[in-house]
Amino acid sequence: MRNSGFVTRESNRLRAFPTGWFLICFSDELEAGEVKSIKFMGQDLVVFRTESGEACLSDAFCPHMGAHFAYGGAIEGEILRCPFHGFCFDTEGNCIKTGYGTKPPRKAKLRTWPLQEMNGLILAHHQQDWKAPEWTVPKLDDDEWTPLTHHTWELRANPYDTAENSVDFGHFSTVHGYRKTEILRPLHTDGPKLTARYAMDRDAGVFGNKNDLRAEFEITKWGLGYSCVEVEVPEYGLRSRHFVFPSAIDHEMLKLSLAISLRHVAHPEKINPLLRLVPRSVLHKLILAASMRGYKDDVSQDFEIWRNKIGIERPPLAEGDGPIHAFRKWAKQFDPSSSGEHDRVVSAAE
């Protein structure tokens, strides 16, 4: 079977799970005292929250005799209790007591995963060799922003394709109907961080306006699992953050989560004069609901393409395709199956 970069050409399956930080769930999806089953990077895991509020991600099966913690397991204060023999583990995976009051076996160690929780997100670090994370995703200032509105799908796709989508300028018009793409700041990379800024025109139907709107998009990626696009619509005085979180379930299936946060609206009359009469909390909910509908429609337009495409390692790019080669050079650092030799970056016209 021939390989094509990060995926196999014949099926577009992942050859290896990428390194980096990936969404496990949103903070509001995990309550204190809850234990939830999750499939992540081909492994059965549980995510749980202690009574004090600390989130933890661990292997799903008790290292004692293999019971699944999500089926009858319980949180007791700050520990996870196995439903089978009552063995208890702290958030670092140490067995601190058995169900019979005897000394815990030294080898009864539960594997846990590095987590960071901020901005309403619970992110886990994946790395095949289990080295400590070399970088983290920085916390955003969200004091003047609404809580996240979010949605999640499961589909046949991979995180390389979904991450590459945001720099694939050519498909913005052919798939999504955007027009007049303008590069305001070229793609720039700094270790695990990628940034770019561009502007496009789009019909404003989501707001009940038939005229085109000019929107500016500030992309910030931290690895393949975290993408924040800050969208500004100057005509309406709107700023929002559109997030994309692709996370591999296994080599073929992807959990794809979207989220939106809206900066508090100062001048609603720019959208419609009547909106100045609407309470801000109601206004924010209305705008978020409309924005999420449009966002889901946009992203879902790519689904059939992702489900049925193959991987082309060195595509013959045309002018207007966008910085695909530059993106792939950057993305190679997250591919554990890569030799580490980056493709040279070539212009779209080559």
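Some points to look at:
- Residue in the stretch 134-141 that is loosely packed, with under 13 Cβ neighbours inside 10 Å, free of Cβ contacts under 8 Å to residues at least 24 places away in the same chain and touching a strand residue (DSSP E or B) at 6+ places or on another chain (Cβ under 6 Å) present: yes
- Condition met for PRO83 (surrounded by 15 or more Cβ atoms within 10 Å (Cβ to Cβ) and either within 30 Å of SER227 (Cα to Cα) or in contact with a helix residue (DSSP H, G or I) (Cβ under 7 Å, 6 or more places away or on another chain) (or both)): no
- Criterion (modelled with pLDDT of 90 or more, of a type in the set (A, V, I, L, M, F, W, C), surrounded by fewer than 18 Cβ atoms within 10 Å (Cβ to Cβ) and not in a strand (DSSP E or B)) met by exactly one of ILE305, ILE287, ILE312: ILE305
- Options THR174, THR181, THR152, THR146; residue that is polar (S, T, N, Q), surrounded by fewer than 15 Cβ atoms within 10 Å (Cβ to Cβ) and either farther than 22 Å from TRP330 by Cα or out of contact with any Pro (no Cβ under 8 Å at 6 or more places or on another chain) (or both): THR174
- Residue in the stretch 292-302 that is at pLDDT 90 or above and in a loop (DSSP other than H, G, I, E, B) present: yes
Residue by residue, here is whether (1) touching a Ser or Thr at 6+ places or on another chain (Cβ under 9 Å); (2) outside the structural domain of SER58 (by TED's automatic domain parsing); (3) under 19 Å from PRO192 (Cα atoms); (4) of a type in the set (Gly, Ala, Ser) holds:
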position	(1), (2), (3), (4)
HIS68	yes, no, no, no
GLU78	yes, no, no, no
PHE84	no, no, no, no
PHE87	yes, no, no, no
GLY93	yes, no, no, yes
GLY99	no, no, no, yes
LEU140	yes, yes, yes, no
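- Search result, residues across the stretch 104-119 that are farther than 26 Å from PRO138 by Cα and assigned to a loop (DSSP other than H, G, I, E, B): PRO104, PRO105, ARG106, LYS107, ALA108, LEU110
- Sole residue being modelled with pLDDT of 95 or more and either assigned to a strand (DSSP E or B) or not acidic (Asp, Glu) (or both), chosen from GLY101, GLY86: GLY86
- The stretch 101-121 residues that are over 28 Å from ALA259 (Cβ atoms), paired with ones that are hydroxyl-bearing (Ser, Thr, Tyr) (beta carbon under 6 Å, 6 or more apart): PRO104/THR98; LEU110/SER58
- Every condition in (1) modelled with pLDDT of 90 or more; (2) assigned to a helix (DSSP H, G or I) is met by TRP135 except one, and the failing one is (2).
The values are calculated or read from the model by the stated rules, or taken from the named source; none is laboratory data. Keep in mind the model is a prediction, meaning the values are calculated, not measured. Note: ideal-geometry Cβ built from the backbone for every residue, glycine included; neighbour counts use all protein chains shown.
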